[in-house]
Amino acid sequence: MIKQFGKAPSGKRLERIQECENFKDGSFHNIEETSVNPNNVSMFKMMKDMRNRPKSVNPSKKIPSVKTNLSEINAEEPAFVWFGHSSYLLKIKDYTILVDPVFSGNASPVSFFGKAYDGANEYGVEDMPEIDILLLTHDHYDHLDYPTIEKLKPKVKRVVCSLGVGAHLEYWGYQSMIITELNWWESIKIIDNLKITATPSRHFSGRLFKRGNTLWSSFVFEAFGYKLYLGGDSGYSPQFKEIGDKFGQFDLAILECGQYGENWPQIHNFPEEIVKAANDLQAKKVIPVHWAKFTLSTHPWNEPIKRFTKAADADKLSYVSPKIGELYQLNQEFKQEVWWDFE
């Protein structure tokens, strides 16, 4: 259990962190004032709200999924396969990128909280091909899953992550030479046609009691003539527009949609805010993630996608929402099913 918590940054890594403008008083900070509980809701009320959640926070039947052979994807156009919540695989030309994989069946270090829905944990490490880039947005348990990361080790050629997250990985046996940690606005060029930039998000980090000793990020992929925005976790902020203005129009934005709540409105997008963020980013197409695998909030399990699609349709925003495991390829015809339409 202790191993799951990871390890705080120290030594030269900590020295680098302490020199960052977004790190002060022993913690990373968001660009704008942000609180995980801005209304000062009591812990008693939060626990009561969680206890009194409707039955619909969990689906009444098995989540539909598709089994795709991930080793046989032809990706002349960028390809996307979602594994539920914020775990997904991208393939661009010959490069395979795995983002925030959580395959252990839990979004927490304990088995009684954050259990995956029936049908939502159909993929595991054994289904993954060799991973050219493992991308980790931040260190929360529903994004950085120790059992998965441990098993993936032999398949991972390179890791790109938010600054400080490498401390966990090295503690878990990853070689420092394959890890690149980025602060906001820092970039790494993998090859001439593939560049990754860490960009701000409005969230927080922490795996035990200490918050903010590692960074949380979104990422921009400039790959073979395409621009992709990988949102990580974030509440709405002006940084979406800043990123859109800086990088120009995105071919695809993958944005978190779910686990929001009135008690923590600044650290997760509400579904309608995703439409606003997509417009700020100048995104041609949106895929909503961060839902359909775990119950971490008080809303019905499929409320995020229902609210998002209603707002997106009203705004004429182009989007797709594949089933878990269903292959989507950018700029190719995709038949959208309303597969989430059950309680």
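The values are calculated or read from the model by the stated rules, or taken from the named source; none is laboratory data. What you are looking at is a predicted structure, and each value in this text was computed from that prediction instead of being measured. Backbone-built Cβ (ideal geometry, glycine too); neighbour counts: all protein chains shown. Areas reflect the complete protein model, heavy atoms only, side chains present, ligands, DNA and RNA absent. Shrake-Rupley method; radii C 1.70, N 1.55, O 1.52, S 1.80 Å.
Assorted remarks:
- Coupling constants for segment 12-25 follow from the phi torsions by the Karplus curve (6.51 cos²θ - 1.76 cosθ + 1.60, θ = phi - 60°), and in residue order they are 5, 4, 5, 4, 5, 4, 5, 8, 7, 5, 8, 10, 7, 6 Hz; glycine and proline get x.
- Estimated translational D of the chain in µm²/s (Stokes, Kirkwood radius over Cα pairs; 25 °C; 0.890 mPa s): 122
- Here's how it looks for ILE324: its modeled amide H is under 5 Å from those of VAL66, which are all 5 or more places away or on a different chain.
- Ranked from largest to smallest solvent-accessible area, with a 1.4 Å probe on the protein heavy atoms, PHE250, PHE5, PHE113 come out as PHE113, PHE5, PHE250.
- Annotation for segment 285-321 versus segment 169-200: alpha-carbon center distance of 29 Å.
- Distances between placed amide hydrogens fall under 5 Å for LEU252 paired with LYS227, TYR229, LYS284, LYS285, all partners being 5 or more residues away or on another chain.
- Take the Cα of SER60, go 7 Å toward its beta carbon, and the backbone nitrogen atoms of segment 273-303 under 17 Å from that spot belong to 300-303.
- Loop-resident trypsin sites (Lys or Arg not before Pro) (DSSP state other than H, G, I, E or B) in segment 129-191 with no more than 13 further Cβ atoms inside 10 Å of their Cβ: LYS157.
- Rounded to whole Hz, the Karplus (6.51, -1.76, 1.60) HN-Hα couplings of segment 4-11, x for glycine and proline: 4, 5, x, 9, 6, x, 8, x
- Close amide H contacts of SER162 (hydrogens built in the peptide plane, cut-off under 5 Å, sequence separation of 5 or more or a different chain): LEU136, LEU182.
- The peptide list 20-26, 323-329, put in order of mean Cβ contacts within 10 Å with the highest first, becomes 323-329, 20-26.
- The phi-based Karplus calculation (6.51 cos²θ - 1.76 cosθ + 1.60; θ = phi - 60°) puts the 3J(HN,Hα) values of segment 114-130 at x, 6, 5, 5, 4, x, 9, 10, 7, 10, x, 4, 5, 8, 7, x, 4 Hz, whole numbers, x for Gly and Pro.
- Placing pseudo-labels 7 Å out from each Cα toward the beta carbon at ILE2 and PHE112 gives an inter-label distance of 2.3 nm.
- Estimated at 0.36 nm per residue, the fully extended path between GLU126 and SER27 surpasses their Cα-Cα distance by 32.0 nm.
- Span from the segment 4-30 Cα centroid across to the segment 243-262 one, whole angstrom: 26
- Here GLU337 and MET50 are evaluated by their C-beta separation; at R0 = 41 Å the FRET efficiency comes out at 0.85.
- Taking a straight line from the alpha carbon of LYS246, these aspartates and glutamates sit under 14 Å away, with near neighbours fewer than eight places off in the same chain left out: GLU186, GLU222, ASP280.
- Working from label points 7 Å from Cα in the Cα-to-Cβ sense, the VAL36 to GLU77 distance is 4.1 nm.
- Rolled with a 1.4 Å probe across the full set of protein chains, the surface gives MET47 an accessible area near 110 Å².
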